[in-house]
Amino acid sequence: MKILFFIVTFTLLQSCTSDVKPLIITEVQDRSNNPFAGVKVVYKSMLRAAQNKFGSDSIGLEIINQIDRIYYYQKDSTSFGYQPNLGGKIDSIIATDHYTEISKVRHKGKNYSAFVKHKKDRVSEILLFQNSAAEILLIDIQGNISLRDVMQNITNLPDLLQLSDLNIL
Amino acid sequence: MLAALVAFGGSAFSQNAIDKYFNYLDGDTSLTKVTINSKMFELFTYMEAESDEEKEFKEMVSNLESLKVFIKEDATDAEKLFDEAIKKPGKEFEVLMEVDQDKEHFYFYIKETDGIVDELLMIGNSDGEFIVLSLTGKIDLAQLSKLSKQMNIGSMKHLEKLDED
């Protein structure tokens, strides 16, 4: 009986803490026909461990503490499984799913757009997206982040692109 | 009707200094370019304003239109880029302030229309980091140092000197 109670409680707690996956990530994974293929996930603990790998002037610990997870997806046109239509599909999701475009970033010759989803002064998602003929790259940050902290790190957003260079992925 | 068209045309096609004078930097892939649009500034209005001072700041931010920044970190040619860049601004810009201290050299320019500052341009070389920044909108210079804190733009901290004067 105790074991049954434990299993039910554990299952309920798990279901309470599991966040809804963003539509964009679901779309990418559905197209890969494998929920674990392609998209990489970095969790808070890994981010905090890697925080010292960002420069001292870059993304602050305050914002990292408010991030639950980061989804990362990158495919260039020469990669196995590259889907040329995926970028257009993601564009259409962004256009209809309450994203606000806050900035554009050009970093190492590539153009990214940055979007947020927010309710009042809390940001639930920051999305960095690059869609070109040669490559699709997206970094989707999930959390409960203070708008003020997003503002204070807005010019440091390109530092998040270093994620692809870090050994945590 | 004609007046409305002229007004619309003026606002839609007016260029900021980065688009007008610093297009030549666009080809340099070692530079990072960040463009922040008015939507971002609108988000400031969602932040709680507790004091009158914060309310004034929010009012100022709601009148901003865009922020564009070119940054080149660890640039061995920062001084050369800086020397070239300070020759670029046209006559419509006047120097507001020059800061030359330690390893930092910054020029701040403003453009005024009918007595209202509608663009702030900053060109700087900070210990090997080259930066060009353009802020457009209806700009209250007295509030700018606060914006630099809110958006963590360290080089704009020099604008605090204007408060001291």
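Quick note: the coordinates plus some simple rules give every number you see, no bench work behind them. Note that the structure is predicted; figures quoted are calculated from it, not measured. Positions of Cβ are generated from backbone atoms using ideal geometry, with glycine treated the same way; all protein chains shown enter the neighbour counts.
In the stretch B:1-142 the Cα-Cα distances spread across 5 Å bins starting at 0 as 2, 9, 17, 19, 18, 16, 11, 6, 2, 1, 0 percent of all pairs.
Peptide B:28-36 has a mean of 6 when you count, residue by residue, the C-beta atoms of other protein chains within 10 Å of its C-beta.
The label-point distance for A:R122 and A:R31, in a model that sets each label 7 Å from Cα toward Cβ, rounds to 3.1 nm.
For the stretch A:87-164, the normalised intensity computed at q = 0.19 Å⁻¹ comes to -0.81 (log10 of I(q)/I(0), Debye sum over alpha carbons, equal scatterers, no solvent). Report, as an integer, the average count of C-beta atoms from other chains found within 10 Å of each Cβ along A:142-152. The per-residue average across the peptide is 3.
Of all aspartates and glutamates in the structure, those lying under 18 Å Cα to Cα from B:K72, and not within fewer than 8 positions of it along the same chain, are A:D57, A:D159, B:D19, B:D26, B:D28, B:D83, B:E84, B:E104, B:D127, B:E129. Each peptide in A:89-98, B:36-45 gets a packing score, the mean of other Cβ atoms within 10 Å over its residues, and the list from highest to lowest is B:36-45, A:89-98.
Rounded, prolate or oblate: which fits the stretch B:84-165, taking a ≥ b ≥ c as square roots of the Cα gyration tensor eigenvalues, rounded meaning a/c under 1.5, else prolate when a/b beats b/c?
Values: a/c = 1.71, a/b = 1.17, b/c = 1.47.
It is oblate, given that a/c is not under 1.5 and a/b is not larger than b/c.
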